[in-house]
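My structure is below; once you've seen it, I'll send some questions.
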Amino acid sequence: MKKAPFETLVCSPWCRFYKGGKEEMACAGLIFFQNRFEWNSLNKLLQTLEPMSWNASEDQLLAGVLCDPCEFRVDGCGFREGEEDSPPCGGYILLELLIRQGLVQREDL
Ligand code: SF4
């Protein structure tokens with residue numbers, strides 16, 4: 001059976017910049033989830049996520065784990081460059097919410 005792509009869990013619901021699979025590269029936010037989770041286990045985990053707005057409270061950690069190795073920084077990530085009204089990618093937002101809700105532990109990153 002063909003595996004459902006992680007974009008359906010990470011990008012399309014969470015990322016303002018996602019263009020429906022037309023991207024040639026994947027940002028580190030998506031790659032993190034692809035490397036750390038099975039699709040089914042992430043899907044189950046996300047069903048326990050409480051609705052909540054993202055904030056930058058975990059930025060120091062996420063900058064190192066996600067943004068430092070991210071290929072999207074070559075062309076410039078508006079969020080990382082501090083542009084006004086430019087949110088982070090969906091993977092960053094999702095991981096930040098999972099950490100704040102205790103569904104992913106900081107020490108496991
Ligand atoms: S916020 Fe920007 S630099 Fe950080 S992982 Fe996402 S796309 Fe990459």
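Taken together, the values in this text are just the output of simple stated rules run on the coordinates, not laboratory data. The structure displayed is predicted, hence computed values, not measured ones. Note that we place each Cβ from the backbone using ideal geometry, even for glycine, and neighbour counts take in every protein chain shown.
Ranking GLU107, GLU7 by Cβ neighbours within 10 Å, fewest first, what do you get?
Numbers: GLU107 4, GLU7 19.
Placing the least packed residue first, the sequence is GLU107, GLU7.
Could you work out [θ]222 nm for the chain from helices alone, using -39500 (n - 2.57) per DSSP H run of at least four and dividing by all its residues? Round to the nearest 500 deg cm²/dmol.
On the way: 5 runs with 36 residues, N = 109.
Only helices count here, giving -8500 deg cm²/dmol.
How much length is gained on full extension from GLU83 to GLU38, taking 0.36 nm per residue of separation minus their Cα-Cα distance?
Going from the current span to full extension adds 12.9 nm.
Once phi is turned into ³J(HN,Hα) by the Karplus curve 6.51 cos²θ - 1.76 cosθ + 1.60 with θ = phi - 60°, what whole-Hz value does each residue of the stretch 68-84 show in order, with x for glycine and proline?
Coupling constants for the stretch 68-84: 4, x, 6, 5, 5, 6, 4, 8, x, 9, x, 4, 5, 8, x, 5, 5 Hz.
Can you tell me the dipole magnitude for the chain around its Cα centre, using point charges on the Cβ only (Lys, Arg +1; Asp, Glu -1), in Debye to the nearest 20? Walk me through the numbers before you get to the answer.
Working: 11 positive and 17 negative charges, 111 e Å.
Around 540 debye, computed over the chain.
When a/c is below 1.5 the answer is rounded, else prolate if a/b is larger than b/c, else oblate, so apply that to the chain with a ≥ b ≥ c taken from the square roots of the Cα gyration tensor eigenvalues. Intermediate values should be presented prior to the final figure.
Numbers: a/c = 1.55, a/b = 1.13, b/c = 1.37.
Oblate, because a/c is 1.5 or more while a/b does not exceed b/c.
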